[in-house]
Amino acid sequence: MDNRPIGVFDSGLGGLTAVKELERVLPRESVVYFGDTGRVPYGTRSRETVRRYARQDMAFLAAHHVKAVLAACGTVSSTAADIGAGLPVPYFDVVGPTARAAASRTQRGIVGVIGTSATIHSGAYSRALRGLSPDLQVLAKPCPLFVPLVESGFVEPGDPVARLAAERYLAPLREAGADVLILGCTHYPILSQTIAQVMGPGVALVDSGREAALALAEGLEAAGLLCGPDVPRQAEYYVTDAPEGFDAIAELFLGHTVDARQIDIEAY
Ligand code: DGL
């Protein structure tokens, strides 16, 4: 039993897709969420910069005495796969659980992967999928406009700007016959209704935030690290830019208010 909070980080709002799932499967667990809204996006930056940012993000969570860290960021997970190795607490990321879910759901053996430029160019998803099933056909495509669309609030289902971008990015994957689409950036499930409309009804969307949260829940349970029965749940949200925009979109997505606090990540 461990009553400390779970630490979750992302470059911005995307990791909330993991938090939403944690609220569903582990409703009593406390969470410390860190969104690096002052430095988002990570997905257009060099590997070295992403690693430096991720180390600071993890140091911030460690200072909050978390019992586990979830890198709820496809970019960190795919470009800095080893970054959690030195942590004194269990570390989880999105690539492995998401690839396993996708490989088990495809019927045709054609899997689409969308993510940031850094994630797609890392090849991490293609390697993970082919490692699970060498015959899979993997179609990977960066969708760099999706993160700024989410961070700017273009998140209503069917928003015409998001829809246009989705049509442009996703039409080739749809036409190539993908029957599973990995949302390999954790921001993308916030646009999932728009993405689903564009892909059509026969395509299963795999939410990387959700899959990572499920893997974390299983891992904590197996390690005996879930919280005790009488502990009140606490959720703290920290960001690196003015919190108002984050709070508004988080409320829309999570279905409850959040009250994020701004911190100086350079102190970590
Ligand atoms: N949520 C991050 C990811 O999963 C967003 C990437 C970004 O900051 O560009 O990759």
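The values are calculated or read from the model by the stated rules, or taken from the named source; none is laboratory data. None of the values given here were measured: they were computed from a predicted structure. As a convention, Cβ positions derive from the backbone with ideal geometry for all residues, glycine included, and neighbour counts pool all protein chains shown. Surface accessibility is based on the protein's heavy atoms, side chains included, excluding ligands, DNA and RNA. Shrake-Rupley method; radii C 1.70, N 1.55, O 1.52, S 1.80 Å.
Residues that are out of contact with any helix residue (DSSP H, G or I) (no Cβ under 6 Å at 6 or more places or on another chain), under 21 Å from R210 (Cα atoms) and near the ligand (Cβ under 10 Å from one of its atoms) occur in region 73-90; there is at least one.
Listed by first and then second residue, the pairs with beta-carbon distance under 7 Å, at least 6 apart or on different chains, first residue in region 116-138 and away from the ligand (no atom under 16 Å from the Cβ), second open to solvent by 70 Å² or more (accessible area, probe 1.4 Å), are L132/R100; L136/R130; V138/R130.
For region 1-47, the set of residues classified as more than 10 Å from the ligand (Cβ to nearest atom) and at pLDDT below 95 consists of M1, S46, R47, listed by residue number. For region 165-182, the count of residues that are within 16 Å of the ligand (Cβ to nearest atom), open to solvent by 20 Å² or more (accessible area, probe 1.4 Å) and at pLDDT 95 or above is nonzero. Listed conditions (1) open to solvent by 50 Å² or more (accessible area, probe 1.4 Å); (2) under 25 Å from A165 (Cα atoms) are all met by P229, apart from (2). Tell me, yes or no, whether region 215-222 has at least one residue that is away from the ligand (no atom under 16 Å from the Cβ) and over 22 Å from A68 (Cβ atoms). Scanning region 215-222, I find no residue that is away from the ligand (no atom under 16 Å from the Cβ) and over 22 Å from A68 (Cβ atoms), so the answer is no. For the condition under 21 Å from the mean Cα position of the chain (by Cα), surrounded by fewer than 18 Cβ atoms within 10 Å (Cβ to Cβ) and not basic (K, R), D259 qualifies. Among the residues of region 1-39, which ones are part of a loop (DSSP other than H, G, I, E, B) and buried (at least 24 other Cβ atoms within 10 Å of the Cβ)? Listed by number, the residues that qualify are S11, G12, L13, G14, G15, E29, D36. Looking at the structure I just gave you, is D159 without any contact (Cβ under 8 Å) to a residue 60 or more places away in the chain, of a type outside the set (S, T, N, Q) and over 18 Å from P189 (Cα atoms)? So D159 does not fit the description; no.
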